[in-house]
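Visitor: Shown below is the structure under consideration.
The values are calculated or read from the model by the stated rules, or taken from the named source; none is laboratory data. Treat the numbers as computed from the prediction; the structure is a model and nothing was measured. Glycine also receives a Cβ, built like all others from the backbone with ideal geometry; neighbour counts cover every protein chain displayed.
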């Protein structure tokens with residue numbers, strides 16, 4: 001197993017997806033436990049802009065392109081994976097990242113009910129109110145990061 005210091009950070013984008021009714025879209029990935037949720041997003045491929053990667057990931061994961069980017073966060077978030085997760089990533093996926101650098105975007109869902117989650121990646125999706133996010137965001141510091149990001153977007 002490579003040493004943590006020799007690994008790189010994965011560049012990622014994540015979407016704070018809202019609808020016209022004040023709801024936030026969250027996803028339960030198959031790589032998570034059934035109680036862990038997050039905002040949708042994914043890695044940036046070589047040659048892609050952050051915006052291109054975000055729209056591609058949303059389309060791949062959620063089966064629709066009915067999204068409009070509203071705002072881009074001024075900040076990025078850099079963090080290391082916990083050791084247990086790092087071991088799983090290296091073993092199961094063969095990836096060589098020690099953590100991620102994430103840029104958040106505010107995104108409006110412009111469709112009706114045409115979200116069809118990619119069954120290979122997403123166990124289920126859910127629309128929730130702001131006050132419900134805290135009970136779904138259980139990873140370390142996840143709720144504090146979400147709260148700060150949503151405040152930056154003026155929501």
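Visitor: Working carefully through the options 142, 132, find the one that is closer than 18 Å to residue 28 by Cα, at pLDDT 95 or above and either exposed (fewer than 12 other Cβ atoms within 10 Å of the Cβ) or out of contact with any helix residue (DSSP H, G or I) (no Cβ under 7 Å at 6 or more places or on another chain) (or both).
Guide: 132
Visitor: To continue, here is another question. Quickly run through the stretch 27-43 and pick out the residues that are in contact with a helix residue (DSSP H, G or I) (Cβ under 6 Å, 6 or more places away or on another chain) and buried (at least 21 other Cβ atoms within 10 Å of the Cβ).
Guide: 37, 40, 41
Visitor: Scan the stretch 43-73 for residues that are modelled with pLDDT under 95 and not in a loop (DSSP other than H, G, I, E, B) and report the count.
Guide: 1
Visitor: So, one more: One residue is enough: does the stretch 78-93 have a residue meeting the conditions in contact with a strand residue (DSSP E or B) (Cβ under 9 Å, 6 or more places away or on another chain), modelled with pLDDT of 85 or more, surrounded by fewer than 12 Cβ atoms within 10 Å (Cβ to Cβ) and under 19 Å from residue 152 (Cα atoms)?
Guide: yes
Visitor: Return the residues of the stretch 117-148 that are in a helix (DSSP H, G or I), over 21 Å from residue 62 (Cβ atoms) and under 16 Å from the mean Cα position of the chain (by Cα); say none if nothing qualifies.
Guide: Once the filter is applied, which keeps residues that are in a helix (DSSP H, G or I), over 21 Å from residue 62 (Cβ atoms) and under 16 Å from the mean Cα position of the chain (by Cα), the stretch 117-148 yields 134, 143, 144, 145, 147, 148.
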